[in-house]
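This report concerns only the one structure given below.
The values are calculated or read from the model by the stated rules, or taken from the named source; none is laboratory data. Since we're looking at a predicted model, the values are computed, not measured. Counting neighbours? That spans all protein chains shown, and the Cβs are built from the backbone with ideal geometry, glycine included. To get the accessible areas, we keep the full protein, side chains included, count just its heavy atoms, and leave off ligands, DNA and RNA. Shrake-Rupley method; radii C 1.70, N 1.55, O 1.52, S 1.80 Å.
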Amino acid sequence: QEITKDYSGAERMMLRAIRINPVHTDSLSHYGTFLGKVHQNYAASNVIYDRVLSIDPLHVNTICNKGLVTQVTSRNPDEAEAFYMRALAADPAHSPTYGFLGLLLHSTKKNFTAAQEAYETSIRLLPSDATVLSNYGHLLFEHRNNHSGAESAYRDSLRADPLHPPALTNYGILLEDVHQDYRGALRMYKRALEVEPTNPATRCQYALLLTNFEHDFDQAESLLMAGIVEEEDDNPTSKICNGELRHCLLAIKDTRKTITTQKLTPIQEAARKELERRRLNKVAASRRARRLQCLSESQSPRAYSDAGLA
């Protein structure tokens with residue numbers, strides 16, 4: 001499934017395993033995870049998870065993943081946290097649970113100290129989890145002003161998974177904001193989009209840098225327009241992502257309009273560029289402040305506990 005992306009074939013094999021043994025908890029749990037990861041059918045995932053827990057109330061992967069589904073779908077973060085604490089009671093060394101608990105504390109509860117502790121515990125137990133490392137780096141960068149620690153976390157994440165889209169995007173932001181390595185940042189954003197073309201956070205960041213650094217308005221606008229998808233009533237994520245892209249597109253169009261309608265002296269032009277750079281940076285910062293919520297939604301197909309899979 002993960003290597004060949006033959007999801008239809010994987011689903012057939014899972015259903016066959018369940019038909020052979022309808023009470024095999026690992027097979028059921030894997031199928032519940034598949035329904036969430038591939039089909040985003042969280043209601044069906046929950047039905048399967050409840051079935052597993054009726055057979056084995058201490059099935060730790062299922063408890064953890066039920067917490068993640070609750071985190072994604074519920075307005076009550078305490079309910080998701082309760083599942084994570086239940087999973088850790090069943091297995092105090094379950095690294096994925098610490099990672100998901102860290103994300104909940106980080107993105108929803110804004111308890112950055114507790115989130116940092118959860119991330120660090122997860123990394124200590126499993127140092128190669130690219131998603132946890134990327135989220136940990138984001139926390140260090142945005143909320144601890146620890147740029148060197150964040151860079152180290154992003155590098156470790158990309159060593160674990162060189163094509164991890166959030167790590168590529170996060171590292172690009174650091175290269176752009178801290179080192180002013182704009183070429184390096186562009187490379188990171190481009191690689192991230194090649195792996196995950198539907199990620200609006202990366203697309204916006206890439207377009208803003210094209211505008212800010214290369215003044216390539218045509219490419220920036222085309223990049224954003226290409227990311228806008230047809231909105232579906234039963235898929236609120238599509239509306240959120242389109243809103244992000246349109247907000248970014250409007251900022252870039254305003255910049256282009258300002259430049260083409262004003263006649264400025266060289267000194268005024270330099271001052272205008274600096275002010276515009278700061279304004280676009282504020283747009284990017286505002287978008288990044290909301291990015292973790294979108295990030296957790298966009299990562300949800302990959303952010304499941306696969307510990308213990310055969």
How many residues does the stretch 120-139 contain that are surrounded by fewer than 23 Cβ atoms within 10 Å (Cβ to Cβ) and among the hydrophobic types (A, V, I, L, M, F, W, C)? 4
For K110, work out the one condition from (1) under 18 Å from N135 (Cα atoms); (2) assigned to a helix (DSSP H, G or I) it doesn't fulfil. (2)
Top-ranked residue in the stretch 143-196 [being of a type in the set (S, T, N, Q) and open to solvent by 40 Å² or more (accessible area, probe 1.4 Å); ranked as nearest to N212 (Cα to Cα)]: Q180
Restricting to helices (runs of 4 or more DSSP H) lying wholly in the stretch 4-96: which have 3 or more residues that are open to solvent by 20 Å² or more (accessible area, probe 1.4 Å) and over 24 Å from T237 (Cα atoms)? 7-20, 25-39, 42-55, 77-90
Of all residues in the stretch 197-241, which are open to solvent by 80 Å² or more (accessible area, probe 1.4 Å) and closer than 20 Å to A167 by Cα? T198
If I ask for residues that are under 17 Å from the mean Cα position of the chain (by Cα) and either aromatic (F, W, Y) or buried (at least 24 other Cβ atoms within 10 Å of the Cβ) (or both), which ones from the stretch 105-119 would you list? H106, Y119
Restricting attention to the stretch 51-78, which residues are among the acidic types (D, E) and either free of Cβ contacts under 8 Å to residues at least 12 places away in the same chain or over 18 Å from L88 (Cα atoms) (or both)? D78
